[in-house]
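Peer 1: Sharing a structure here in structure tokens format.
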Amino acid sequence: MKRHISRKEFLKEMGFISLLVATEGHCFWPSGKNEEKKDIRGHVFKNDAPKDLWKWSIEGFHYTTNGKDVQCGVCPNRCYLRPGDRSVCRSKVNIGGKLYSLAYGNPCAIHIDPIEKKPLSHFHPATSVFSIAAAGCNFRCLNCQNWEISQRKPEEVNHYELFPADVVRAAKEKNIPSIAYTYSEPTSYYEYMYDTARLARAEGIKNVWVSNGYINRKPLEDLAQYLDAANVNLKSYDDGIYRRLNGGTLQPVLNTFKLLHEKGVWFEMTTLVVPGYVDKPEMTKRMCGWILKELGPNYPLHFLRFFPRYKLDRLPATPVKTLELLRDIALKEGIHYVYLGNVPGHDAYNTYCHNCQKILIRRIGYEIAEFNINDGRCKFCNTPIPGRWGAQVGGSK
Amino acid sequence: MRRKNRNNNDPTKASIFHGTGYLMNLTSLIIVSIFATGISSIAVQIVTVREFLSQFSGNEITISLVLFCWLIVSGLGSLVSRFFPKKSINLYSIIALVTALLPLIQITAIRLFRDTIFIHGESPGFYPIFLYILTLSAPYAFLIGFILPYSLAVIKARGGQFTAGQLYITDNIGDIAGGVLCSFILLYFLTPFKIIAVSSFLLILISLLLIIRMKRYLIFLISLFPVIAFFVFSFGQGFEPSTLFNQYGSNIVSYQESPYGRIVLTKEKGEYTLWESGTPIFSTFNITAAEEKVHYPLCQLDRIEDVLLVSGGMGETFDEVLKYAPRHIDYVELDPTLIRVATQSGLLSPKAQVTIIPTDGRKHITHTNKRYSAVIVDLPEPDTFQINRFYTKEFFEKTKRILEKDGILSFSLIANPNYLSEVRIKKLSSIFNTVKQCFRNVLLIPGREIYFLASDGQLTADIPLELKKRSIVTSYIHGFYYGDVTKERIKFINEAIDPAEPTNTDFRPRVINILSKEWFKKYGTSPNWFMAGLLGVLVLYLSLTRKEEYVLFSTGFAAMGVEMLILFSFQVIYGYIYLKVGAIITSFLLGLLPGAVLGNKWKKRGKGMLLRAEAGMILLLIVYLIWATFSQSSMPESVFLLYGFTFSMLCGFQFPIAAEMIGEERSPAAGLFAADLVGAGAGTLAIGTLLIPLFGVQAAIIGLILIKAASTVVVLRA
């Protein structure tokens, strides 16, 4: 019963303790990448592809292969996948030296939303939009409110079956004029979106792209021919913040705006004002300067109020006065249409003519109480109002 | 040569040869330092747990991780001291001084390094939290584990008479004094830095006295600098608040520590944010939340008299309720400090129709004789034992009792209205099925969160229509509701409910487990690697321990396990009343002392006494099991206190006996302390994060019975 522990036994015990530390320590930093601390960009999932393709697979667009390895060219992540690897966005896999998308015809969310919810304030106001999403995202935003679908593999989510023709048919049956690719990141289900958009265009249904804008030029050029509108996040005007909060980089997003402008696709920009990161007046000034120089003053800019969400839940909500300050800066800098979001009842939901400052659209939430645009012009001063207004305002309650 | 000279100059050595009085004084000082270490360590433990809770998610996982790391590293410290060759009073004095001063650095580091390691504003996942806790609490926990057995070794090396049992008793007296001092006095009046300074004062004093008595004047002089700096930083007006700037920014308007947590109020551009233990619980102008919370339930009723709000009364909430012209609003909020800060800043505005009741919401609902038209619960997700009590069958039954006929209960849970994952379907289904057992109609409204409306009367989802009928004007609902809460979304959410999902009860808190799974999913991690690694190392550790040490391991395991169970049961029945919960913890601390004294007295009787204590513990666990299975009824609070006292008395009783059985001459204190601490760490994790949430209270008690039965077998076969 009574015994001493020898030096050897002591060393053995210490060895076991070290094993404990090593075992637990192994799990702490995924992949041991130091940059993960302050740069949260995603990484390729090694040997994570399913063994076989499933019903909702299609060979990917825009990729190169050497017969064994593949490189996806849809987004700036340019995932280089060895056989059996899965892309950053979790939707693409290399099986047998070919790139496949696992997100084709399997939307995990289908809803009918008001177009203003995207938000789009200058695109066929008060119409409905048939909104779909498949799993996946090429970003890692810490505040993602749709993380249960954006940060999941297509195989991990509950989904419906709705191939491109079915989506278009459903929208037509419900008499909905537009289809939105939204909620998660549509770039991650590019092939599904592209085929659906092509069919929709042929059937006279409009296509709305709600995206982080992290896409390469060629795929966007191809897609843009079918796009009618887009709401693209300009999450900040700082590459470091993009890396830290979103897991992406700024320049490709700026390139996207330039290309949409070049291709004549109507778009609106959304910036979520995260306190301590995206609330700097100086940064807003620089951002507006770039917008004015490269895109002009006509594309609306939406500043959204931040609320603590997902992993970024230890920050306060954005003060409304901060939003108002940024809006004032943007207007002063010369952006014609600057809106606020997530502040119900605020006047900045309304549209004011950039020339005569009279109210063009008075909004009560998603509903329109007053509409003073005739044939795309201000009813008061006849100034053309940028946007896609359509023949008439539909469906307002 | 050098060594010899040093020994010649060593006053302790001199005292051994030239008289016993001086030696006794030194021994006494060391004994007092053990007592002082007890005071300091308990206070630091309480402050450290609270600090980590303010930095990370305040759920059971974080609490368990802090206690686990603390106990395991302390156990490691004890093990190392067992093999530490040098037994020097000089070294002991310095270690004691470092032990007293280190907590200030530890707490400062916890605050400052968070944003260095993690992204500002981010809640990290399980493994980064674990590593952070382990790294920053390890130095102090190691020293605490090391110093106690080392003190005994030093006394013995100098020929002093002191046993492991006496050491255990002395440490316990310090623990009790520290626990009572910190829980019932210091936490009410002082901030963490000042608590550390006050509770470490005696240990600093004794350490310095030891250094003086050893005539190490140079060391004494050098020591004065950190000691002075320690007190300057602890009591200085600016330093402590400045360590909060990383987390809250520099716009702190009010900073208060209440027994329930850290209350911070920040103000930016004229708008307030109220923080509770690091989480922003309210920001000015959150009209959407106020309207959803109030109008979804209240517009269902034809006539509204009294309304009960359980938490969430800040900002626009009262104004929205008052649109229905109720007779009266009772607002229950647990923390009086929170109420005071919110009132002073105008976030809670006193109104004639509103009574603010500072108490536990469940306690109020259990005891009130009032009848309410509506009960609106606005609490966080039920991911802790404390909050889960508001989402159980028993709670819903109690709430129904205080509702008028066809009155309404409402509350909300976080879920994405665009998509429901499997784990969230489970969460919503479990709560839905639970509340459905008590109310005829339950309606889910997918707003900003998923709102649960429960009533025996009819419920409608057409909220704007009901508001229109009453001519109530709103900012959010009026224009946004039909676009956000579409008919197909309502249908989708309500149809997603799985009627087979088991319900959530007080003693089988399934939702805590579901939420912990949801938490891990959020980070794409699993605790399985951690648990597997831990289990493997634990098995290896146990295979190396002596039989008596295993008994103490199982006792430490059972003691922490029972403490968690008692705290859990007590809160379920009586509510989370800080002083009473503190009293329960103190009853556990108090019980150890007479147990250890008795054990010390009867330690020569050996195995028989150990077995009696084992039988006593198993008997107490069986009594608990019977109560939890067949009764679960209220019983006098004193019964819980007595139970905790008795159980821990049996635990304390075993320590000196086990020490005696192994043999003092082999200095077993370190191994015994280690076994006790490692067992306590394992018990905390196993009961708090696994057994209760996964299998319920009864299963947890059975688990403890099995652990103790195994140790009884070990004793019998010894």
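Peer 1: Per-residue Cβ counts within 10 Å, from other chains only, averaged over B:544-550: what number is that? Kindly include the intermediate steps, with their values, before the conclusion.
Peer 2: Working: counts 5, 1, 4, 1, 2, 0, 0.
Averaged over the peptide's residues, the number is 2.
Peer 1: Now a separate question. Say R0 is 45 Å: what FRET efficiency, to the nearest 0.05, do B:Lys547 and B:Phe189 get from their beta-carbon distance? Walk me through the numbers before you get to the answer.
Peer 2: Working: r = 47 Å, r/R0 = 1.04.
Using R0 = 45 Å, I get an efficiency of 0.45.
Peer 1: At 1.567 mPa s and 4 °C, plugging the Kirkwood radius over alpha-carbon pairs of the protein assembly as shown into Stokes-Einstein gives what diffusion coefficient in µm²/s? Walk me through the numbers on the way to the answer.
Peer 2: Values: Rh = 32.2 Å.
D, rounded to a whole number, is 40 µm²/s.
Peer 1: At q = 0.08, 0.09, 0.10, 0.15 Å⁻¹, what is the base-10 log of I(q)/I(0) for the range B:527-718 according to the Debye formula with one equal point scatterer per Cα and no solvent? Please give it to two decimals.
Peer 2: -0.25, -0.32, -0.39, -0.88
Peer 1: At 7 Å along Cα-to-Cβ for each site, give me the label-to-label distance between A:Asp69 and A:Glu156 in nm.
Peer 2: It works out to 2.6 nm between the two label points.
Peer 1: Between B:Arg717 and B:Phe695, how high is the FRET efficiency from 1/(1 + (r/R0)^6) when r is the Cβ-Cβ distance and R₀ = 35 Å? Nearest 0.05. It would help to have the intermediate numbers written out before the result.
Peer 2: Details: r = 29 Å, r/R0 = 0.83.
For B:Arg717 and B:Phe695, the calculated efficiency is 0.75.
Peer 1: Pull out a ≥ b ≥ c, the square roots of the eigenvalues of the alpha-carbon gyration tensor of the range A:104-198, then state rounded if a/c is under 1.5, prolate if not and a/b is larger than b/c, and oblate in the remaining case.
Peer 2: Numbers: a/c = 2.01, a/b = 1.26, b/c = 1.59.
Judged from the Cα gyration tensor, the range A:104-198 comes out oblate (a/c at least 1.5, b/c at or above a/b).
Peer 1: Going by average Cβ density within 10 Å per residue, which order do the peptides B:594-606, A:182-194, B:28-40 take, highest to lowest? Walk me through the intermediate numbers first.
Peer 2: Details: B:594-606: 18.8, A:182-194: 27.8, B:28-40: 23.0.
Taking the mean over residues of other Cβ atoms within 10 Å, the ranking is A:182-194, B:28-40, B:594-606.
Peer 1: Please arrange A:His62, A:His122 by how many other C-beta atoms lie within 10 Å of their C-beta, fewest to most. Please list the in-between numbers first.
Peer 2: Numbers: A:His62 18, A:His122 24.
Ordered by Cβ neighbours within 10 Å, fewest first: A:His62, A:His122.
Peer 1: Also, quick follow-up: To make sure I understand, if each residue's beta carbon is the centre and we count other beta carbons within 10 Å, what order do A:Thr65, B:Thr116 fall in, fewest to most? Mind showing how you got there, number by number?
Peer 2: Working: A:Thr65 14, B:Thr116 11.
Result, fewest neighbours first: B:Thr116, A:Thr65.
Peer 1: At a Förster distance of 56 Å, what's the computed FRET efficiency of B:Gln161 paired with A:Lys46, Cβ-Cβ distance as r, to 0.05?
Peer 2: Working: r = 63 Å, r/R0 = 1.13.
E between B:Gln161 and A:Lys46, to the nearest 0.05, is 0.30.
Peer 1: If you don't mind, there's one more thing I want to ask. Looking at the range A:109-352, what % of the alpha carbon pairs are farther apart than 31 Å?
Peer 2: That tail contains 19 percent of the Cα-Cα pairs.
Peer 1: Using packing as a proxy for protection, rank A:135-146, B:200-211 so that the peptide with the highest average count of other Cβ atoms within 10 Å comes first.
Peer 2: Numbers: A:135-146: 24.7, B:200-211: 22.0.
The peptides rank, most packed first, as A:135-146, B:200-211.
Peer 1: OK, next. With 20 Å bins from zero, work out the P(r) of chain B over every alpha carbon pair and list the percent per bin.
Peer 2: Result returned by the calculation: 17, 46, 28, 8, 1.
Peer 1: Nearest 5 percent is fine: what portion of the DSSP beta bridges confined to the protein assembly as shown is antiparallel? The partial results should precede the final answer.
Peer 2: On the way: 57 of 101 bridges.
DSSP beta bridges in the protein assembly as shown are roughly 55 percent antiparallel.
Peer 1: Which order do the peptides A:45-52, B:329-336, B:586-593 take when ranked by the mean count of other beta-carbon atoms within 10 Å per residue, highest first?
Peer 2: Working: A:45-52: 12.9, B:329-336: 21.2, B:586-593: 22.8.
Ranking, from highest mean packing down: B:586-593, B:329-336, A:45-52.
Peer 1: May I ask you to compute the full-extension gain from B:Lys607 to B:Phe630, defined as 0.36 nm times their residue separation minus their alpha-carbon distance, rounded to one decimal in nm? Let's see the in-between values first.
Peer 2: On the way: separation 23, 0.36 × 23 = 8.28 nm, distance 3.44 nm.
Result for the pair: 4.8 nm of gain on full extension.
Peer 1: Same structure again: For B:Lys708, which lysines qualify as cross-link partners when the Cα separation must be under 23 Å and same-chain residues fewer than eight apart are set aside?
Peer 2: Reachable lysines: A:Lys2, B:Lys547, B:Lys603, B:Lys604, B:Lys607.
Peer 1: Residues in the range A:320-346, backbone N under 17 Å from the label point at B:Lys269 (7 Å along the Cα-to-beta-carbon vector): list them, ranges by number please.
Peer 2: Taking a point 7 Å out along Cα→Cβ of B:Lys269, the residues of the range A:320-346 whose backbone N falls under 17 Å are A:320-333, A:338-346.
Peer 1: Next question, about the same structure. Looking at chain B, what % of its DSSP beta bridges pair antiparallel, to the nearest 5?
Peer 2: Values: 28 of 45 bridges.
Percent antiparallel among DSSP bridges in chain B is about 60.
Peer 1: Further, regarding this structure: Suppose every Lys and Arg Cβ carries +1 and every Asp and Glu Cβ carries -1, with no other charges. What dipole size does the protein assembly as shown come out with about its Cα centre, to the nearest 20 debye?
Peer 2: Computed charge dipole of the protein assembly as shown: roughly 2940 debye.
Peer 1: Quote to one decimal, in nm, the extra length available between A:Lys38 and A:Gln225 on full extension: 0.36 nm per residue of separation minus the C-alpha distance between them. Walk me through the intermediate numbers first.
Peer 2: Values: separation 187, 0.36 × 187 = 67.32 nm, distance 3.73 nm.
Gain on stretching A:Lys38 to A:Gln225: 63.6 nm.
Peer 1: About the Cα centre of chain B, what is the dipole size in debye to 20, counting +1 per Lys and Arg Cβ and -1 per Asp and Glu Cβ, all else neutral? Can you show the working numbers first?
Peer 2: Details: 65 positive and 52 negative charges, 523 e Å.
Roughly 2520 debye, rounded to the nearest 20.
Peer 1: Separate question: Whole number please: convex hull volume per residue of the Cα set in the range B:11-247, in Å³?
Peer 2: Numbers: hull volume 29.0 nm³, N = 237.
Looking at the range B:11-247, the number lands at 122 Å³ per residue.
Peer 1: Using a 10 Å cut-off around each Cβ of peptide A:303-315, what is the average number of partner chain Cβ atoms that fall inside? Mind showing how you got there, number by number?
Peer 2: Details: counts 0, 0, 4, 2, 6, 7, 1, 3, 9, 5, 7, 17, 7.
Per-residue shielding by partner chains comes out at 5.
Peer 1: Then there's this: Dipole of chain B (Lys/Arg Cβ +1, Asp/Glu Cβ -1, origin at the Cα centre): which of B:Gly681, B:Gly447, B:Thr317 lies farthest to the positive side?
Peer 2: B:Gly681
Peer 1: So, in nm, how far is label B:Ile702 from label B:Thr359 when the simple model puts each one 7 Å beyond its Cα toward the Cβ?
Peer 2: 3.7 nm
Peer 1: Just subtract the alpha-carbon distance of B:Gln437 and B:Thr368 from 0.36 nm times their residue separation and send over the number in nm, one decimal.
Peer 2: Values: separation 69, 0.36 × 69 = 24.84 nm, distance 2.25 nm.
Difference between extended and current length: 22.6 nm.
Peer 1: Over 27 Å between Cα atoms, which of A:Lys117/B:Lys293; A:Lys174/A:Lys263; B:Lys293/B:Lys405; A:Lys311/B:Lys400; A:Lys235/A:Lys311 qualify? Before the final figure, lay out each step's value.
Peer 2: Numbers: A:Lys117/B:Lys293 22 Å; A:Lys174/A:Lys263 30 Å; B:Lys293/B:Lys405 21 Å; A:Lys311/B:Lys400 36 Å; A:Lys235/A:Lys311 17 Å.
Checking Cα-Cα distances, A:Lys174/A:Lys263; A:Lys311/B:Lys400 exceed 27 Å.
Peer 1: May I pose another question? Testing the spin-label approximation: label points 7 Å from Cα along Cα→Cβ at A:Asp166 and A:Leu292. State their distance in nm.
Peer 2: 5.0 nm
Peer 1: In whole percent, what relative contact order does chain A give with Cα contacts below 8 Å and a gap of six or more residues? If you can, show how the numbers build up before the last one.
Peer 2: Working: 825 pairs, mean separation 51.1, N = 397.
Contact order relative to length: 13 percent.
Peer 1: Past 29 Å, Cα to Cα, is the threshold; run A:Lys55/A:Lys206; A:Lys118/B:Lys522; B:Lys194/B:Lys363 against it and keep the listed order.
Peer 2: Values: A:Lys55/A:Lys206 27 Å; A:Lys118/B:Lys522 25 Å; B:Lys194/B:Lys363 33 Å.
Going by Cα-Cα distance, B:Lys194/B:Lys363 fall outside the 29 Å limit.
Peer 1: Here's a follow-up. Looking only at other chains, what is the average number of their beta-carbon atoms within 10 angstrom of each beta-carbon in A:230-243? Intermediate values should be presented prior to the final figure.
Peer 2: On the way: counts 0, 0, 0, 0, 0, 0, 0, 0, 0, 0, 0, 0, 0, 0.
Per residue, the average neighbour count from other chains is 0.
Peer 1: Can you give the calculated 222 nm mean residue ellipticity of the protein assembly as shown, where each DSSP H run of n ≥ 4 adds -39,500 (n - 2.57) and the sum is split over every residue, rounded to the nearest 500 deg cm²/dmol?
Peer 2: Working: 38 runs with 557 residues, N = 1115.
Dividing the helical sum by the residues of the protein assembly as shown leaves -16500 deg cm²/dmol.
Peer 1: At a 10 Å Cβ-Cβ cut-off, how would you order A:Tyr299, A:Tyr310, fewest neighbours first? Before the final figure, lay out the partial values.
Peer 2: Numbers: A:Tyr299 21, A:Tyr310 18.
Starting with the residue having the fewest Cβ neighbours, the order is A:Tyr310, A:Tyr299.
Bear in mind these aren't lab numbers, they're just calculated from the coordinates by the rules spelled out. Not measured: the values here are computed from a predicted model. Cβ atoms come from the backbone with ideal geometry, glycine included; neighbour counts cover every protein chain shown.
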